Amino acid sequence: MADVAQASPPRLAPRSSGSHETRFAQAILAPAAVIVFVVMILPIFANIYISFQSIPWGGEWSFAGFDNFVVLANEPLLYIGLRNTLVWIVVVTTGTIVLSFLTAALLNSGIKGQQFIIFLLLVPWVLPIPVSAVGWSWIYNGDFGILNYFLADVLGIESAYGWAWTGHPDTAFTSVMVTEIWRKFPFYTIITLAAMQTIPKTLYEAAEMDGAGPVARFFHVTLPGLKPVFVIVILLNLIWTFQAFPMIYLLTSGGPLNSSQVMGTLIYYLSFNSLKFDLAAAMGTVTIGLLLIITVIYIQFQKIMARQK
């Protein structure tokens with residue numbers, strides 16, 4: 001019994017440094033997590049809640065069920081917005097990817113002044129969107145825009161005189177898409193160029209020794225090496241392109257005659273012009289659902305690419 005009494009009490013195992021590091025990391029990330037929740041997560045759930053409410057101007061809110069979605073289903077503007085959004089996604093994504101790939105291939109070929117060209121390429125990307133929109137609005141101006149001057153006075157296309165590119169239903173949407181491609185392709189050019197430079201030159205040399213020409217080396221060496229990057233670039237571009245609003249609103253405001261309306265501009269129009277906040281929220285919920293689908297596809301591709309590695 002004396003031996004038991006004199007025995008020292010068991011010591012607690014020292015806490016691992018990993019637990020301290022975990023708490024420290026959680027403390028550092030907590031403010032950012034709160035900001036993300038307040039600024040992003042909470043508004044999403046608030047929007048979904050509002051989309052199921054009836055909000056008469058100056059009246060009391062009441063639960064409306066799916067009435068707002070039924071109204072939207074019978075609204076022609078919704079289908080105009082969905083169609084234009086789909087066209088916007090396909091054209092801007094395709095144009096951006098193709099142009100960025102061609103530019104990256106040119107830069108990767110060893111062209112002189114590569115660093116200076118890359119610097120110039122980054123200008124459209126780093127410029128604030130309002131600055132880019134103002135610049136392009138001057139280019140597209142029907143009376144003294146440089147585009148009409150080039151077409152009419154240099155190329156001799158007299159029909160270009162006085163043509164308002166962003167003020168005509170036939171060309172407004174196309175003009176905005178061209179501007180968006182110009183703004184976005186430098187970023188993807190840099191990503192594609194970086195991926196091209198990671199492809200070992202020994203693969204090109206081996207292919208050339210086997211008698212492969214430039215076209216064969218392109219299809220059998222360059223494209224397989226860029227496949228992982230292409231998947232990520234395309235999916236990211238789809239997600240970012242789907243959220244089209246600033247450039248369209250600043251250049252055309254969705255007009256003329258709704259020719260350039262997309263989901264983002266329609267939500268703004270319903271909210272702040274028509275004051276139909278419930279319908280705008282319902283359209284926002286539809287947009288969130290479509291974005292979630294694209295995001296899930298992106299995550300699944302990421303998992304597939306990780307397993308392949």
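No value in this document is a laboratory result; all are computed from the given coordinates. Everything numeric here is computed off the predicted structure, so don't read it as measured data. Neighbour counts are summed over all protein chains in view; Cβ atoms, including those assigned to glycine, are modelled from backbone coordinates with ideal geometry.
Odds and ends about this structure:
- For the chain, calculated [θ]222 nm from helices alone, where every DSSP H run of n ≥ 4 adds -39500 (n - 2.57): -21500 deg cm²/dmol
- When only the Cβ of Lys, Arg, Asp and Glu is charged (+1, +1, -1, -1), the dipole of the chain relative to its Cα centre reaches about 1020 debye.
- For residue 40 and residue 199, the difference between the fully extended length at 0.36 nm per residue and the C-alpha to C-alpha distance is 53.4 nm.
- In the chain, a dipole from Cβ-located charges (positive for Lys and Arg, negative for Asp and Glu) runs towards its positive end, and of 106, 175, 247 it is 106 whose Cα lies farthest in that direction.
- Positive-end extreme of charge dipole, the chain - chosen from 65, 232, 200 (charges on Cβ): 200
- Prolate/oblate/rounded label for the chain (Cα gyration tensor, a/c 1.5): oblate
- Phi angles across region 273-280 convert, under the Karplus curve 6.51 cos²θ - 1.76 cosθ + 1.60 with θ = phi - 60°, into 3J(HN,Hα) values of 9, 8, 6, 9, 5, 5, 5, 4 Hz, Gly and Pro given as x.
- Among 19, 259, a tally of other beta-carbon atoms within 10 Å of each Cβ gives an order, fewest to most, of 19, 259.
- The simple Förster model, with R0 at 25 Å and r as the Cβ-Cβ distance, assigns residue 63 and residue 87 a FRET efficiency of 0.10.
- Note, ³J(HN,Hα) from phi for region 30-38, Karplus 6.51, -1.76, 1.60, rounded to Hz, x at Gly and Pro: 4, x, 5, 5, 5, 5, 4, 5, 6
- Amide H contacts for residue 54 (H built 1.01 Å from N in the peptide plane; partners 5 or more residues away or on another chain; cut-off under 5 Å): 62, 63, 64.
- For q = 0.12, 0.15, 0.16, 0.24 Å⁻¹, Debye-computed log10 I/I(0) when each Cα of region 229-294 counts as one equal scatterer: -0.35, -0.53, -0.59, -1.03
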